[in-house]
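Working notes for the structure below.
The values are calculated or read from the model by the stated rules, or taken from the named source; none is laboratory data. On a predicted model such as this, the values are computed, not experimentally measured, just so you know. Cβ atoms come from the backbone with ideal geometry, glycine included; neighbour counts cover every protein chain shown.
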Amino acid sequence: MKKLFAIALILGSLNACSIPTLRATGDMGLIIERAIGRVQVVEHSQNTSLAKIEGLGDLSHASIVYSRDQRYGYVFGRDGGLTQVDILEQKIVKRVIQSGNSIGGAISQDGSLIAVSNYKPGGVKIFATRTLELVADIPAVYGDNKLSKTVGLVDAPGQKFVFSLYDAGETWVVDMQDTHKPVITKFTNTGSLPYDGLITPDGRYYIAGLFGEDGMALLDLWHLEKGIQRIMPGYGRGREPLPVYKMPHLEGWAMAGNRVFMPAVGQHEVVVADATSWKQVGSIPVYGQPIFVMTRPDNRQMWVNFAHPRNDTIQVIDVETMQVIKTLKPGKAVLHMEFTPRGEHVWMSVRDEDRVDILDTESFEVIKSLTVDKPSGIFFTNRAQKIGL
């Protein structure tokens, strides 16, 4: 009996040792270390860095989307690299060089497809998320067999992707319900030099910002037959545009109630529009040319960062009063911000000081700083459940 008891204890101990440590991904994320081709795996429950994953190539304008189970991050590098990262095993699963120069991407509604937006050669390529095998190659051909850079690529309901052609002034909708026969609908009157695009949180409206002219272009994805509509024409008219050191990011916009807040091109202001009429209803003067206008998850605050040479500053706007309530000076080159899912904290990359600050969004106090090499984009896994992110 004693021998049997001893054997049982040993077997029980071995079984206990073989049980892996379980960890969910809901509070995790990735931070881009742009200068050295690396990402940091982080978690925001205890505000810690968990691991560093190297070998991701040129991350100078990198972005990330997540699989629907929030385990895998898909990193879009500027060198055309598409890299699948396992954030639990903290390693690269697969990496492909799919173009010469890419500028972001999107994941499909059902999570089965990854689309990549390319500058060189112009167009969009679509891959299977599980294998990174090429599913569709869509060159952005226009005019006399020219290729355009593609920008503003987003996912949309119905297994669709939407993007704009920078050189051609067009917007294309790609229906991927049948992966063997993509259906492409082209709108050729978007406007001059669409530089970025966004989709509303409900997936209905796609909006392209226009660098070559005042105003924006809107496409109602529920009613494609309406075509492109111009909204907020001439919002900068009558004033001398200021130098544009960095293009604003429409993906970093804010929507609160029935109002939309967007960065103005060439002006030191945030444009306010009515989300039902899509007409401008006001503007908010700010410290510099806005890059990202981001809303806290409860829609009570907007946090705004700015282009060079004023990129050491953050301003916080109260949505109800539309007034700046706080000006912060985190440090040199504040590039990106990311709110925790319920908005109690905001993570902020301070690139030229090699750190990420974590701030309390009520007190505005820094509660912790992480050492990160030339940080840029911060991407938490809850993005996996949101349209357009």
>> Go through the stretch 235-274 and report how many residues are more than 17 Å from LEU193 (Cα to Cα), of a type outside the set (A, V, I, L, M) and at pLDDT 75 or above.
In response: 9
>> Considering only residues that are among the aliphatic types (A, V, I, L, M), surrounded by 22 or more Cβ atoms within 10 Å (Cβ to Cβ) and in a strand (DSSP E or B), which ones fall in the stretch 361-389?
In response: ILE378
> Only one residue in GLN84, GLN109 is within 18 Å of the chain's Cα centre (by Cα), more than 20 Å from ILE32 (Cα to Cα), of a type in the set (S, T, N, Q) and buried (at least 16 other Cβ atoms within 10 Å of the Cβ). Which one?
Replying inline: GLN109
> For the subset of the stretch 173-230 comprising residues that are of a type in the set (Asp, Glu) and without any contact (Cβ under 8 Å) to a residue 24 or more places away in the chain, which member is farthest from GLY152 (Cα to Cα)?
Replying inline: ASP178
> In the stretch 130-153, which residues are β-branched (Val, Ile, Thr) and in contact with a Lys or Arg (Cβ under 9 Å, 6 or more places away or on another chain)?
Replying inline: THR131, VAL135, ILE138
> Just to be sure, is ASP58 farther than 16 Å from THR131 by Cα and either touching a residue at least 12 places away in the same chain (Cβ under 8 Å) or among the aliphatic types (A, V, I, L, M) (or both)?
Replying inline: yes
> Has the stretch 50-62 got at least one residue that is more than 20 Å from the chain's Cα centre (by Cα), hydroxyl-bearing (Ser, Thr, Tyr) and part of a loop (DSSP other than H, G, I, E, B)?
Replying inline: no
> Can you name every residue in the stretch 152-169 that is over 19 Å from the mean Cα position of the chain (by Cα) and surrounded by 23 or more Cβ atoms within 10 Å (Cβ to Cβ)?
Replying inline: ALA168, GLY169
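Report whether or not ALA307 is of a type outside the set (Lys, Arg) and at pLDDT below 95.
Values: of a type outside the set (Lys, Arg): yes; at pLDDT below 95: yes.
Criteria met by ALA307.
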>> If I ask for residues that are surrounded by fewer than 22 Cβ atoms within 10 Å (Cβ to Cβ) and either modelled with pLDDT under 90 or within 18 Å of LYS386 (Cβ to Cβ) (or both), which ones from the stretch 180-202 would you list?
In response: TYR195, THR200, PRO201, ASP202
> Among the numbered criteria (1) in a strand (DSSP E or B); (2) without any contact (Cβ under 8 Å) to a residue 60 or more places away in the chain; (3) surrounded by fewer than 22 Cβ atoms within 10 Å (Cβ to Cβ); (4) not charged (D, E, K, R), which single criterion is violated by MET348?
Replying inline: (3)
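Which of the residues spanning the stretch 345-389 are of a type in the set (D, E, K, R), within 30 Å of GLY197 (Cβ to Cβ) and out of contact with any Leu (no Cβ under 7 Å at 6 or more places or on another chain)? Break it down into steps so the answer makes sense when it comes.
Filtering the stretch 345-389 for residues of a type in the set (D, E, K, R) gives 351-355, 357, 360, 362, 365, 368, 373-374, 383, 386.
Right, trim to within 30 Å of GLY197 (Cβ to Cβ) and you get 351-352, 357, 374, 383, 386.
Within the stretch 345-389, ASP352, ASP357, LYS374, LYS386 meet the criteria.
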>> Conditions first: (1) in contact (Cβ under 8 Å) with a residue 60 or more places away in the chain; (2) under 23 Å from VAL324 (Cβ atoms); (3) part of a loop (DSSP other than H, G, I, E, B). ILE358 passes all but one, so which condition is the exception?
In response: (3)
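Take the residues in the stretch 315-336 that are assigned to a strand (DSSP E or B) and touching a Gly at 6+ places or on another chain (Cβ under 8 Å), then tell me which one is surrounded by the most Cβ atoms within 10 Å (Cβ to Cβ). Before you say what the answer is, go through the steps one by one.
Of the stretch 315-336, the ones assigned to a strand (DSSP E or B) are 315-318, 323-328, 334-336.
From what's left, touching a Gly at 6+ places or on another chain (Cβ under 8 Å): 335-336.
Numbers: LEU335: 21, HIS336: 24.
Per the criteria, the residue is HIS336.
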> Does TRP303 satisfy being over 19 Å from HIS268 (Cβ atoms), in contact (Cβ under 8 Å) with a residue 40 or more places away in the chain and touching a strand residue (DSSP E or B) at 6+ places or on another chain (Cβ under 8 Å)?
Replying inline: no
>> Tell me yes or no: at least one residue of the stretch 161-172 is free of Cβ contacts under 8 Å to residues at least 60 places away in the same chain, of a type in the set (Val, Ile, Thr) and part of a strand (DSSP E or B).
In response: yes
> surrounded by 18 or more Cβ atoms within 10 Å (Cβ to Cβ) and within 20 Å of TYR206 (Cα to Cα) - does that describe any residue in the stretch 295-314?
Replying inline: yes
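Going through the stretch 87-104 one residue at a time, which ones are at positive phi and either hydrophobic (A, V, I, L, M, F, W, C) or within 18 Å of the chain's Cα centre (by Cα) (or both)?
GLY104
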